[in-house]
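See below for the structure under consideration.
Derivation of every value follows stated rules applied to the coordinates shown; laboratory data play no part. Source: prediction; values computed, not measured. Using ideal geometry, Cβ is built from the backbone for each residue, glycine included, and neighbour counts are taken over all protein chains shown.
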Amino acid sequence: MEHSFNHPLMRNFSFQSPTKIIYGLYSLERLKDELKKMSYKNALLVTGSNVCKTPGCSKIKEALGVNGSFVEFNKVCPEPDTKVLAELAMLVRKDPPDLVVGLGGGSSMDMSKIASALTVNEKDPVSYFKGEPLIRKGPPIMTIPTIAGTGSEVTPFSIVVEQNKKLATSHYSLYPTVAVVDPTLSLSASPQSTASAGIDALCHGIESIMSVDSNPVCNALAFDAISNVDDYFERAYCNGDDIEARNGLSMASVLSGMAFTNTGLCLAHGIAYTYAMSHALPHGTSVALAEPYALEFNTPAIPEKIELIAAAMGIDTSCMSTAEVGYECASRIVELLETTHQPQTLDELNMDECEIEPMVDDLLANQKRFVNKNPRKPSREELIGLYERMFEDL
Ligand SMILES: [Fe+2]
């Protein structure tokens, strides 16, 4: 009998998702009890300048004050840079917290994770984003998302920007201990941020399934995440008060976050990193622009996975060729971008085709981890062709 490493029986895998998730509408009401169990004396609340003025933040501060004292750091902005990181490092090293709470979008939650690590790891803060290992585990981390999509509430990743380049770090000690996911906190999110964050969850689900390290557990999580985005994304964008839609997106964020942490992400995330910062695009928007083209490129290599993605999107694929199924999936992503007024081509970003080669070089030099997870290995020429396609409508 011939053994194939692609055969389902031959594929071993591991899965972990150690974060305790407190999920549901008004689950924030359970915060005081959860905090009590964490028995802290000196907490640090990491958040942004807008979120810190919201009623949700007031509730969290009130709860934090019941069981101990806390310090507030509210200077996290979208795509935080090394200056914010350095300030945070100084704060935690001067007055070490025994609990770090990250409240807000992906950036605030990412910063809360690294704040915990920097409390007990004393080297240059940026060095931990450049290969320096995190040796010691910091105080427990609690994440409370106010917008749905990044999955940061359940992942061990942290991202910082240095000289217009995103640097990422990942370590087991960065997993949040507890995530309190209350979809009502996202009711006040603007349509624009709902769109850019929500579509990120879709891309996480799709790329988790496409990854060379996909597995049945993550496929199940990603499948539900994709179908939740397909059902609720446009509703949440068009009517921010639609609590059922907000709930669907919060669930998609958690599910796809758990999935992609275990499988990794592939080509579209890598491509997005080559232009997101230079064109000031929100993360999810930059990835979703590339996703239809990356999906179309990958389709011939992974017909069964494309069928799975199509099923999650509710697409009837009977009598369709694999190429047609891939095209339908890609078109659905474009449709979601259209409804939510997000760019669909590089042309819309006023980019020039002479920027293609430097972006391909950047992708191959600095975003290899995404390319390595991609099911179809692209040559340099194929990547140039893919970027060229991204200048035209699908
Ligand atoms: Fe993402």
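Amide H to amide H distances under 5 Å link L45 with V71, E72, F73, V101, where only residues 5 or more positions off or on other chains count and H is placed in the peptide plane. Residues whose amide H lies under 5 Å from that of L187, counting only those 5 or more places away or on a different chain, are absent; hydrogens are built 1.01 Å from N in the peptide plane. Structural descriptor for region 241-394: relative contact order 32 percent, calculated from alpha carbon pairs under 8 angstrom and at least 6 residues apart. In terms of its C-alpha gyration tensor, the chain has a prolate overall shape, because the principal axis ratio a/c (a ≥ b ≥ c, square roots of the eigenvalues) is not below 1.5 and a/b outweighs b/c.
Footprinting exposure proxy ranking of H269, H171, H204, fewest other C-beta atoms within 10 angstrom first, gives H171, H269, H204.
Were the residues from D231 through R11 laid out at 0.36 nm apart, the gain over their Cα-Cα distance would be 76.0 nm. Per-peptide packing, taken as the mean over residues of other Cβ atoms within 10 Å, places 250-257, 79-86, 175-182, 378-385 in the sequence 250-257, 175-182, 79-86, 378-385 from highest down. Looking only at region 261-295, which residues have a backbone nitrogen under 11 Å from a spot 7 Å from the Cα of R376 in the C-beta direction? In region 261-295, the label zone of R376 (backbone N under 11 Å from the point 7 Å along Cα→Cβ) covers 293-295.
Short-range pairs are left out: with C-alpha atoms under 8 Å and at least six residues apart, the relative contact order of region 1-121 is 28 percent.
What does the charge count near N42 come to, summing +1 for each Lys or Arg and -1 for each Asp or Glu among other residues with Cβ under 9 Å from its Cβ? Residues close to N42 contribute a combined charge of -1. Between T339 and F391, the modelled label-to-label distance comes to 3.1 nm, taking each label 7 Å out from Cα in the direction of the beta carbon. Once Lys and Arg get +1 and Asp and Glu get -1 on their Cβ, which of A89, S186, N50 lies farthest toward the positive end of the dipole of region 20-186? With unit charges placed on the Cβ atoms, the residue in question is A89. Close amide-amide hydrogen proximity is noted between A179 and K20, I21, I22, T143, each under 5 Å apart and 5 or more residues distant or on a separate chain (H modeled in the peptide plane; Pro and chain starts excluded).
Residues in region 230-245 carry Karplus couplings, in order, of 4, 7, 10, 4, 5, 4, 5, 5, 6, 9, x, 7, 6, 5, 5, 5 Hz; the curve used is 6.51 cos²θ - 1.76 cosθ + 1.60 with θ = phi - 60°, and Gly or Pro positions show x.
Mean sequence separation of contacting Cα pairs (under 8 Å, at least six apart), scaled by the length of the chain, corresponds to a relative contact order of 14 percent.
Using the average count of surrounding beta-carbon atoms within 10 Å as a protection proxy, the listed peptides 215-223, 319-327, 111-119 rank, highest first, as 111-119, 215-223, 319-327. For region 199-358, the Cα gyration tensor yields ellipsoid semi-axes of 22, 20, 16 Å (square root of five times each eigenvalue, largest first, whole Å). Please report the orientation-averaged projected area of region 245-308, defined via the convex hull of its C-alpha atoms, in nm². Directional mean of the projected Cα hull area for region 245-308 stands at 5.4 nm². Partner aspartates and glutamates whose Cα lies under 18 Å from the Cα of K53, excluding those fewer than 8 positions away in the same chain, are identified as E62, E72, D182.
With no solvent and one equal point scatterer per Cα, compute the Debye intensity ratio I(q)/I(0) for region 158-291 at 0.10, 0.17, 0.18, 0.20 Å⁻¹ and report its log10, rounded to two decimals. Relative scattering, expressed as log10 I(q)/I(0), comes to -0.32, -0.96, -1.07, -1.27. Here the Karplus curve 6.51 cos²θ - 1.76 cosθ + 1.60, taken at θ = phi - 60°, turns the phi angles of region 265-281 into couplings of 10, 10, 3, 4, 5, x, 4, 4, 5, 7, 9, 4, 6, 5, 10, 6, 9 Hz, with x standing for Gly and Pro.
Placing unit charges on the Cβ atoms only, positive for Lys and Arg and negative for Asp and Glu, gives region 20-186 a dipole magnitude near 220 debye about its Cα centre. Dividing the summed -39500 (n - 2.57) terms of all DSSP H runs of n ≥ 4 by the residue count of the chain sets its mean residue ellipticity at 222 nm at -15500 deg cm²/dmol. Over region 310-394, one equal point on each Cα, no solvent: what is log10 I(q)/I(0) by the Debye formula at q = 0.11, 0.19, 0.22, 0.25 Å⁻¹? Values, matching the q order: -0.40, -1.06, -1.18, -1.21. Segment S58..E348, full-extension length gain: 100.4 nm, with 0.36 nm per residue of separation and the alpha-carbon distance subtracted.
Anisotropy class assigned to region 138-231 is rounded, per the alpha carbon gyration tensor with a/c under the 1.5 cut-off.
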